[in-house]
Amino acid sequence: MTAPLVTHVLKADAASVAEAARVLAAGGLVAFPTETVYGLGADATDGRAVARLYAAKGRPAFNPLIAHVVDLKAAQALARFNPKAARLAKAFWPGPLTLVLPKTARCRVADLATAGLDTIAVRVPDHVVAREILAAFGKPVVAPSANRSGHVSPTRAEHVQADLAGRIDLIIDGNATPVGVESTIIACLEEPVLLRPGGLPRTAIEAVLEQKLAYSPPGSPRAEDAPLAPGMLAAHYAPHTPLRLDVGQVDPGEALLAFGRKPAQGAAGALKTLNLSARADLIEAAANLFSHLRTLDAAGAPAIAVMPVPHEGLGEAINDRLRRAAAPR
Ligand code: TXA
Ligand code: MG
């Protein structure tokens, strides 16, 4: 890494959106809110900017990035849509869905951004600030979550600052991100496959496709004959404090990540408690997940006890992130 940068933080408005586009065009790195989590953007067509992005995150270069574009037409310049992919794009874009598709011959996204694959991940975000930046910049923007590689994804500008200050040029502060977990990733190469559960529930996708989706994270029995999301390493999205999942009984002094109205046994002895959703609402729980993990991580407890979260709707993505956060490192 070269000398530390001065990282400017600007509230989202017309002037800061224009500044974001200017910094991107100059090969700089700009963090901005999307509906899922904050992304760290770089000009997707500028190999040097993409290389700086990998360095700023400490991200392994074999882990490809998602190209963010303003609409389906812009996505079609980068990727080939088969009929099912087109159906999903029409149903869910803009929104928290990423499609992994074959790259087009005229795709100008830097090879480094796709890790040399002949496929590309594309998405059209549904956040006014992200959309205004994409429109003002006029080119695809690669944007991984704006955290240090392996750390918890940021849902607030302060999270980005905590991880990346001095390593990036600009943070556009657009308040907390509404969805709170990353986009759902579907590979649409032949049959659609779920690569990462996320902000769009599987059932919504299955309803549009009128078929069940196979789920192929690396390490699953089907993973060998399916395309991978190479970034789906087991230990990912991780706080520093160890996590204990599906806890019914809290040990004294543990931090507690609660869910629902009914307290876990021993909850009164917790060092600090945060509830993902006291009314057991999975949408609210997803929005709170990463922020609560960061806060409890800073509490200085020996472990974070996590109450069970139902595995339906956004619960699939929440449980996926919790399992990864709890994986041994
Ligand atoms: O919600 C989101 O998707 C956020 C916001 C900022 O848009 N972005 C995000 O990016 O989560 P990132 O880089 O943290 O995760 C991208 C995932 C990685 O697991 C990567 O391996 C996978 O997408 N991916 C990218 N290109 C791929 C490809 N061609 N084939 C398979 N997986 C791919
Ligand atoms: Mg990430």
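Structure notes:
- From most to least packed by mean Cβ count within 10 Å, the peptides 145-152, 45-52 give 145-152, 45-52.
- The peptide list 314-326, 292-304, 204-216, put in order of mean Cβ contacts within 10 Å with the highest first, becomes 314-326, 292-304, 204-216.
- Taking the centroid of alpha carbons for each part, region 237-310 and region 66-110 are 37 Å apart.
- Each part gets one Cα centre, and for region 32-47 versus region 180-215 those centres are 22 Å apart.
- Summing +1 for each Lys or Arg and -1 for each Asp or Glu among the other residues whose beta-carbon sits under 12 angstrom from that of residue 188 gives +1.
- You can think of it this way: the chain between residue 214 and residue 158 has 16.5 nm of extra reach, that is 0.36 nm per residue less the Cα-Cα gap.
- Sorting the segments 267-275, 117-125 by their residues' average number of neighbouring beta-carbon atoms within 10 angstrom, most packed first, yields 117-125, 267-275.
- Environment charge of residue 163, counting only residues whose C-beta is closer than 14 Å and scoring Lys/Arg +1, Asp/Glu -1: +4
- Among 257, 290, 302 the positive-end extreme of the charge dipole of region 243-325 (Cβ point charges): 302
- Only Lys, Arg, Asp and Glu carry charge here, each on its Cβ (+1 for the first two, -1 for the last two); on that basis the chain has a dipole of about 300 debye about its Cα centre.
- Stretch gain in nm, segment residue 63-residue 175, where the contour uses 0.36 nm per residue and the Cα spacing is subtracted: 37.5 nm
- Label-point separation, residue 3 to residue 245 (7 Å along Cα→Cβ), nm: 4.6 nm
- Inter-label distance, residue 55 to residue 82: 4.0 nm, where each label sits 7 Å from its Cα along the C-beta direction.
- Its residues counted as N, region 243-325 yields a C-alpha radius of gyration over 2.2 N^0.38 Å of 0.97.
- Accessible surface of the chain, 1.4 Å probe, proportion on carbon and sulfur as whole %: 56 percent
- Accessible area expressed per residue, the chain, with surrounding protein chains retained (probe 1.4 Å, Å²): 41 Å²
The values are calculated or read from the model by the stated rules, or taken from the named source; none is laboratory data. Keep in mind that what you see is a predicted model, and the values were worked out from it rather than measured. Methodologically, a virtual Cβ is constructed for each residue, glycine included, from the backbone with ideal geometry; neighbour enumeration extends over all protein chains shown. Surface areas here come from the heavy atoms of the whole protein model, side chains and all, with no ligands, DNA or RNA. Shrake-Rupley method; radii C 1.70, N 1.55, O 1.52, S 1.80 Å.
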